[in-house]
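The values are calculated or read from the model by the stated rules, or taken from the named source; none is laboratory data. Predicted, not measured: the structure shown is a model, and the values here were computed from it. Here the Cβ positions follow ideal geometry from the backbone for every residue, glycine too, while neighbour counts run over all protein chains shown.
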Amino acid sequence: MKIINFISHLLFFTGLLLKFFHIHYNAILILIGLVGTVIALIIGLLKKQEKAVSLLTLTNIVWLVLVFSSVKFLSIETVVLTIAIVLTLISTIVIVRINKIKMIFPILITISIGLIFYFMPTHERYKLLSINWNHEIETDYITWDKYSWFLYQNGEFNKALEASNKARDIAHQLNDNEWVQVIDSHYKKIEQRKWEEYR
């Protein structure tokens with residue numbers, strides 16, 4: 001079980017690292033890692049491992065789900081965070097009662113990453129994950145367009161217009177007329193402050 005757990009975490013965080021560089025299939029690696037941790041939990045339950053270990057494993061999985069949902073900008077982030085906090089409190093109480101507080105230390109990294117991503121403004125998170133080290137950013141007009149959406153959502157209207165303009169220029173240079181029209185539409189919505197949803 002420990003080997004499965006280790007390999008699963010390795011895959012999860014490798015996928016997360018690849019996401020920073022916008023390398024394809026990063027989400028698949030993250031999901032495989034996530035599924036692996038669930039399998040490790042199930043095996044542990046079948047082997048009737050210590051309840052505190054199972055509870056901590058479950059808590060860690062929920063924090064990993066928070067990281068994943070933050071990276072993919074899923075709308076379930078707040079619900080997942082609430083569950084993660086409740087499970088962390090319960091786990092801590094159980095661990096303190098059996099006097100094994102050191103057991104919680106390994107998941108502190110996951111908790112820290114989850115909290116950092118959750119509380120980071122979405123436009124900053126998106127820039128960090130999809131633009132800063134994206135090796136295709138000079139030709140990636142879809143990423144620039146989506147960045148303009150996150151900037152718009154956070155009230156950064158001038159920067160949103162700049163990002164949208166960059167997206168349009170790239171799409172125009174690459175002769176993608178369909179996307180030029182889409183981006184033009186988004187640009188107008190930013191100007192009019194009437195952009196309700198992405199795409």
- Message: I need the full set of residues from segment 161-198 which are at pLDDT below 95 and either among the aromatic types (Phe, Trp, Tyr) or within 10 Å of ASP145 (Cα to Cα) (or both), in order please.
- Response: TYR198
- Note on the structure: Only one of TRP179, TRP133, TRP144 is more than 30 Å from THR59 (Cβ to Cβ) and in contact with a Lys or Arg (Cβ under 7 Å, 6 or more places away or on another chain), namely TRP144
- Show the residue pairs that are 6+ apart or on different chains and have beta-carbon atoms under 6 Å apart, the first residue being within segment 75-95 and part of a helix (DSSP H, G or I), the second being crowded, with 16+ Cβ neighbours inside 10 Å and of a type in the set (S, T, N, Q). GLU77/SER69; GLU77/SER70; VAL80/SER69; LEU87/THR59; THR88/THR59; SER91/THR59
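Has segment 95-110 got any residue that is closer than 26 Å to GLU50 by Cα, in contact with a Phe, Trp or Tyr (Cβ under 8 Å, 6 or more places away or on another chain) and assigned by TED's automatic domain parsing to the domain that holds TYR25? Can you show your working first?
The first filter runs over segment 95-110 and keeps only residues closer than 26 Å to GLU50 by Cα, leaving 95-110.
Now restrict to residues that are in contact with a Phe, Trp or Tyr (Cβ under 8 Å, 6 or more places away or on another chain): 107, 110.
Remaining after also requiring assigned by TED's automatic domain parsing to the domain that holds TYR25: 107, 110.
Checked segment 95-110: at least one residue is closer than 26 Å to GLU50 by Cα, in contact with a Phe, Trp or Tyr (Cβ under 8 Å, 6 or more places away or on another chain) and assigned by TED's automatic domain parsing to the domain that holds TYR25.
What residue, among those in segment 37-54 that are surrounded by fewer than 20 Cβ atoms within 10 Å (Cβ to Cβ), touching a residue at least 12 places away in the same chain (Cβ under 8 Å) and not polar (S, T, N, Q), is farthest from PHE117 (Cα to Cα)?
The first filter runs over segment 37-54 and keeps only residues surrounded by fewer than 20 Cβ atoms within 10 Å (Cβ to Cβ), leaving 38-39, 42-54.
From what's left, touching a residue at least 12 places away in the same chain (Cβ under 8 Å): 38-39, 43-44, 47, 49, 51-54.
After this cut, where a residue has to be not polar (S, T, N, Q) as well, the list is 38-39, 43-44, 47, 51-53.
On the way: VAL38: 22, ILE39: 25, ILE43: 30, GLY44: 29, LYS47: 34, LYS51: 29, ALA52: 27, VAL53: 26 Å.
Of everything passing the filter in segment 37-54, LYS47 is farthest from PHE117 (Cα to Cα).
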- Query: Applying the selection to segment 12-30, what residues are aliphatic (A, V, I, L, M), under 23 Å from SER112 (Cβ atoms) and surrounded by 15 or more Cβ atoms within 10 Å (Cβ to Cβ)?
  - Reply: LEU16, LEU18, ALA27, LEU29, ILE30
- Query: Quick one: TYR147 ticks every box in (1) under 20 Å from LYS72 (Cβ atoms); (2) surrounded by fewer than 18 Cβ atoms within 10 Å (Cβ to Cβ) bar one, so which box is it?
  - Reply: (2)
- Message: Among (1) under 19 Å from LEU11 (Cα atoms); (2) more than 19 Å from the chain's Cα centre (by Cα); (3) assigned by TED's automatic domain parsing to the domain that holds PHE150, there is one condition LEU129 misses while meeting the rest; what is its number?
- Response: (2)
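So which of ASN175, ASN154, ASN132 ends up being free of Cβ contacts under 8 Å to residues at least 24 places away in the same chain, surrounded by fewer than 16 Cβ atoms within 10 Å (Cβ to Cβ) and either under 22 Å from HIS24 (Cβ atoms) or of a type outside the set (Val, Ile, Thr) (or both)?
One residue alone meets the criteria, ASN175.
Could you tell me whether VAL65 is assigned to a helix (DSSP H, G or I), modelled with pLDDT of 95 or more, surrounded by 13 or more Cβ atoms within 10 Å (Cβ to Cβ) and aliphatic (A, V, I, L, M)?
On the way: assigned to a helix (DSSP H, G or I): yes; modelled with pLDDT of 95 or more: yes; surrounded by 13 or more Cβ atoms within 10 Å (Cβ to Cβ): yes; aliphatic (A, V, I, L, M): yes.
Judged against the criteria, VAL65 is a match.
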- Enumeration of residues in segment 96-129 that are polar (S, T, N, Q) and either surrounded by 13 or more Cβ atoms within 10 Å (Cβ to Cβ) or touching a residue at least 40 places away in the same chain (Cβ under 8 Å) (or both): THR110, THR122
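Of all helices (runs of 4 or more DSSP H) completely enclosed by segment 109-199, which ones contain at least 3 residues that are farther than 16 Å from VAL71 by Cβ and either in contact with a Ser or Thr (Cβ under 6 Å, 6 or more places away or on another chain) or of a type outside the set (Phe, Trp, Tyr) (or both)? Write out each step before concluding.
Values: elements: 122-130, 141-153, 157-173, 177-192.
In segment 109-199, 141-153, 157-173, 177-192 are the helices (runs of 4 or more DSSP H) which contain 3 or more residues that are farther than 16 Å from VAL71 by Cβ and either in contact with a Ser or Thr (Cβ under 6 Å, 6 or more places away or on another chain) or of a type outside the set (Phe, Trp, Tyr) (or both).
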